[in-house]
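Here's the structure, in structure tokens; my notes come after.
The values are calculated or read from the model by the stated rules, or taken from the named source; none is laboratory data. Treat the numbers as computed from the prediction; the structure is a model and nothing was measured. When we count neighbours, we look across all protein chains shown, and the Cβ atoms used for this are built from the backbone with ideal geometry, even at glycine. For accessibility, only protein heavy atoms count, side chains too; no ligands or nucleic acids. Shrake-Rupley method; radii C 1.70, N 1.55, O 1.52, S 1.80 Å.
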Amino acid sequence: MITEVAHFAFIMAFVVAGMMAAGGLWRSPDIAKRSAITLLALTIIAFLGLEWAYITSDFTVLNTVLNSHSQKPLLYKISGVWGNHEGSMLLWIVILSLFGAGIALSPHIRDETLRQRALGVQGLIAMGFIAFSLFTSNPFARVFPAPADGNSLNPVLQDIGLALHPPALYLGYVGFSSVFSLAAGALIVGRVDQAFAKAVKPFVAIAWLALTIGIAMGSRWAYYELGWGGWWYWDPVENASLLPWLAGTALLHSLLVLEARGALKRWTILLAIIAFAMSLLGTFLVRSGVLSSIHAFAVDPLRGSFILALLIACCGGAFGLYAWRAPQLKTLRLFTPVSRESSLVANNLLLITIAATVLTGTLYPLVMDTLGLAQISVGAPYYNATVLRIAIPLIILMGIGPFLPWKRPGRWAFKGPMLTCLLLTALAMLFIRVNMLGFAIAIWLMVASLAQIKWPLTLKNLSLVLGHFGLGLAIVGMIGTMAMKIEDIRIVNPGDTFTVGRHELRFDGVSNVFGPNYGAEEARITLGTDILKPQKRWYPVSDSQTTEAAIRTYILDDIYVVLGERDLKSGPDAWVVRTTVHPFVAALWFGFGLVALAGVLMLINSWRRR
Amino acid sequence: MRRYLPLLIFTMLALMLAYRLTMPRVTGTIDSPLIGKTLPDLGIAELPKGPFIVNFFASWCAPCTIEHPTLIQFKKDGIPIIGIAFNDTPENITAWLKKRGNPYKTVIYDAGDGPSVDMGITGVPESFVVDAERIVRKRFQGPLEDPSVIAEFEAAVKP
């Protein structure tokens, strides 16, 4: 019964989204607003209905049968709803409606025509996605006869980090829909000004913040759970989340120029469209099966075609609208080369170049294969050779930009503080005695960011300082994990001691242990007063062998111990032990945390200041 | 003209993605490069005349115990198996085989630098089907336990 109510609410949501689109694009702002709020209520009812089926283990619903199990812990029943294609699309639509209601209610949108048109566009997007869900991936489909229990008890996916990582990412991806709708609305109205920047900023801030948190959570999970010691693999789907983030970061900065100088109108609109286009492209890549990736969902060709149609309708429409309306948005304002606005333009160009480079790398195998030229895959070496090089001037500029004054060329009054920072950086480099360009620019960025603190503190100032400083700190962590890691592979006999980096370890032997559903060989390795227990596990039911690394996290570094094969040539109880020390990993997570905190401050700031 | 540029780039991208959707997808696993090639030298003079199985195992390996009954059944069905004891001592192996029964026609000792390297195994157990012409036909990583895998192996080794 509850499932039928939810299903009906979902069908009604399609109708209401249609009303929202019609009201917004013709002339009924009232209908558009009310529809937006009704749409949110209906989609929440639908979502809660599906949650109910999962929580009560209602196995007459096909989706529950395929993705849940009566013995799962409650938390993972709840999160199981978005662990599959159909349920995650429903969550997508709830978030889409949430941002629709946000446009309807936001006090920051002063121009009522803009609000109305944006609601119309948002309604169209909602119609498209609800139709996609209803016709190709209906989460409420029943199954008869009902099986006794569900099929899914995948232990890898039962993880709290993994339960929260997708909703955060969706909040970011879908959040850009509201930015997109406002940009399209502004193109229809034909007015892009300071008021538009103020209206769109809270939406950009919340989407960007959610995306930052989502990406950081995914990286952390990969680092601690997958046991390969990496946190970013340049997997196509990881890139798909990085692309809207880069476009969103560029947008945040171009909005500063639009707000302060009323310039960069067309560019800002274009970035707003691109940010959502990248989100949609990511969705298409994950769910259509054109790229193979560890993140891919089950594949159905009809779904791919449908999402592509949505992508073409949204982005084709918006870029077409842009081509038509762009001449109205001309701003002929020349910036002096040494000014805040010029540095922000440079920042935008560099960020978009990075995004284009990542996009090229992600799609290059597809292009080559389509043209019948070669079957290749693009991996980390390409990105390291290209992205890192473009990032260096960007990071240096991040330190310089905030020193420069708006508008007037000034008297170079910023020269003094900047030179002081440069001197401090040089001193710090002498002090740490690591001769690395990466460290120099990271320290430069941190010092220069701290120098931006202005009394009395404002939220805006603090979010700039924390955001830039956090990135500098994260870069230290990135260099630590990438360039400074110490790897040690050796054969040890019980009682052997060995040193890796600053850690001294003693191998005490291996014994057999048994878990609830696995058997394992477990080593005991003493590190100070601590005992590390890396395991090689064997799961008979799923026929798989896993390696459980032992990890210890310290402020200065992480130590990672993996048990390898037995080696009888070297002794009766000799084993191969692989130890890796990753310096500064804590700086990486702490830096990401500061960047997210900067996002929170920016959000509060853009919300408070009408 | 410049204002049409985003639309133009997007159109090209969309066309390519649409074309990709119509193409067949790559599925399944990649076969071992050894399949279809001649079996590397195992260091023994006499190989069975007909098709046979090469099985990597060790006394310290828990999953090998799981697949052991399958191998015993293969022996009863008259399928010759060459066992390669990986990283193990003759004493341990003898004791292990005495306790559980010996399914192997021949046992070769590999200290980690013999056939295990030539055949590129990733761990124990791992099994290969070799035909009468000494060509490797099949490879399986992990214990022979799943009935469908066992059936495939039987079919391949009994022409």
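For peptide A:526-538, what's the mean number of Cβ atoms from other chains within 10 Å of each residue's Cβ?
1
Once you have the Kirkwood Rh of region A:159-405 from its Cα pairs, apply Stokes-Einstein at 10 °C and 1.306 mPa s and quote D in µm²/s.
83
Relative contact order for region B:35-157 using alpha-carbon pairs under 8 Å, separation at least 6, rounded to a whole percent?
Computed over region B:35-157, the figure is 36 percent.
Going toward the positive end of the dipole of region A:98-226, with +1 on Lys and Arg Cβ and -1 on Asp and Glu Cβ, which of A:W208, A:A131, A:A183 do you reach last?
Looking along the dipole axis, the top candidate is A:A183.
Between 0 and 90 degrees, rounded to the nearest ten: what's the tilt of helix B:5-22 against the longest Cα principal axis of chain B?
The angle comes out at about 40 degrees.
Sort chain A into rounded, prolate or oblate with this rule: let a ≥ b ≥ c be the square roots of the eigenvalues of the Cα gyration tensor; rounded if a/c is under 1.5, and if a/c is not under 1.5, prolate when a/b is larger than b/c, oblate otherwise.
oblate
At 1.4 Å probe size, with no ligands or nucleic acids counted, give the accessible surface of A:T56 in Å², nearest ten.
Counting only protein heavy atoms, A:T56 exposes about 70 Å² to solvent.
Which GluC sites (Glu not before Pro) in region B:120-154 sit in a loop by DSSP (not H, G, I, E or B) and have at most 13 other Cβ atoms within 10 Å of their own Cβ?
B:E133
Among B:T38, B:I9, B:P125, whose Cα lies farthest out toward the positive end of the dipole of chain B, if unit charges sit on the beta carbon of Lys, Arg (+1) and Asp, Glu (-1)?
B:I9
Ignoring ligands, DNA and RNA, how much accessible area is buried between chains B and A, both sides summed, with a 1.4 Å probe, to the nearest 100 Å²?
On the way: alone 9890 and 27160 Å², together 34180 Å².
In total, this chain pair buries about 2900 Å².
Taking only C-alpha pairs under 8 Å that are 6+ residues apart, what is the relative contact order of region A:159-405 in percent?
Relative contact order for region A:159-405 comes out at 21 percent.
Using alpha-carbon pairs under 8 Å, 6+ residues apart, how would you state the relative contact order of region A:1-155 in percent?
Across region A:1-155, relative contact order equals 37 percent.
Is there a simple number for the mean count of other chain Cβ atoms within 10 Å of the Cβ of residues in A:564-572, and what is it? List each step's numbers first, then the result.
Working: counts 0, 7, 7, 3, 10, 4, 0, 0, 2.
Taking the mean over all residues of the peptide, I get 4.
Tally the DSSP beta bridges in chain B and give the antiparallel ones as a percent, rounded to 5. Display every interim value, and only then the final one.
Numbers: 11 of 21 bridges.
For chain B, the DSSP antiparallel bridge percentage is about 50.
Treating only the Cβ of Lys, Arg, Asp and Glu as charged (+1, +1, -1, -1), what charge dipole size does region A:1-155 show about its Cα centre? Round to the nearest 20 debye.
So the dipole magnitude of region A:1-155 works out to roughly 360 debye.
For every helix of n ≥ 4 consecutive DSSP H residues, a contribution of -39,500 (n - 2.57) applies; sum these over chain A, divide by its total residues, and give [θ] at 222 nm rounded to the nearest 500 deg cm²/dmol.
-21500 deg cm²/dmol
Hey, if you put +1 on the Cβ of every Lys and Arg and -1 on every Asp and Glu Cβ in region B:5-159, which of B:A18, B:N87, B:T70 ends up farthest toward the positive end of that dipole?
Among B:A18, B:N87, B:T70, the one farthest towards the positive end of the dipole of region B:5-159 is B:A18.
What is the gain in length, in nm to one decimal, between A:R506 and A:L334 on full extension, counting 0.36 nm per residue of separation less the C-alpha to C-alpha distance?
Full extension from A:R506 to A:L334 adds 55.3 nm.
Looking at chain A, do any whole DSSP H helices span at least 27 angstrom along their long axis by alpha carbon and average -0.5 or above on Kyte-Doolittle, and which?
Result, helices passing both filters: A:2-25, A:29-55, A:85-105, A:112-136, A:160-189, A:194-225, A:236-261, A:265-288, A:340-370, A:380-400, A:459-483, A:585-608.
List the residues whose amide H sits under 5 Å from the amide H of A:L532, counting only those 5 or more places along or on another chain, with H placed 1.01 Å from N in the peptide plane.
Under 5 Å from the amide H of A:L532 lie the amide H atoms of A:I525, A:T526, A:L527, each far enough along the sequence or on another chain.
Could you work out the Kirkwood radius for region A:486-583, taking every pair of different alpha carbons, averaging 1/r and inverting it, reported in Å?
On the way: mean 1/r = 0.0723 Å⁻¹.
Here the Kirkwood hydrodynamic radius works out to 13.8 Å.
Run the reach check for A:K569 against aspartates and glutamates, Cα to Cα strictly under 17 Å, same-chain hits fewer than 8 apart removed. What comes back?
A:D496, B:D88, B:E91, B:D110, B:D113
Please give the per residue volume of the convex hull enclosing the alpha carbon atoms of region A:1-155, rounded to a whole number of Å³.
It is 100 Å³ per residue.
Counting partner chain Cβ atoms within 10 Å of every residue's Cβ in A:312-324, what's the average?
Whole-number average of other-chain Cβ neighbours for A:312-324 is 4.
If I compute solvent accessible area with a 1.4 Å probe over the protein chains, what percent of it on the protein assembly as shown is carbon and sulfur? If you can, show how the numbers build up before the last one.
Numbers: 22050 of 34180 Å².
Reported share for carbon and sulfur atoms: 65 percent.
Given 25 °C and 0.890 mPa s, how large is the Stokes-Einstein diffusion coefficient of region B:9-123 in µm²/s, with Rh as the Kirkwood radius over Cα pairs?
On the way: Rh = 17.1 Å.
Taking Rh from Cα pairs, D becomes 143 µm²/s.
Report, in debye and to the nearest 20, how large the dipole of chain A comes out about its Cα centre when Lys and Arg carry +1 and Asp and Glu carry -1 on their Cβ.
Charge dipole of chain A: 3040 debye, to the nearest 20.
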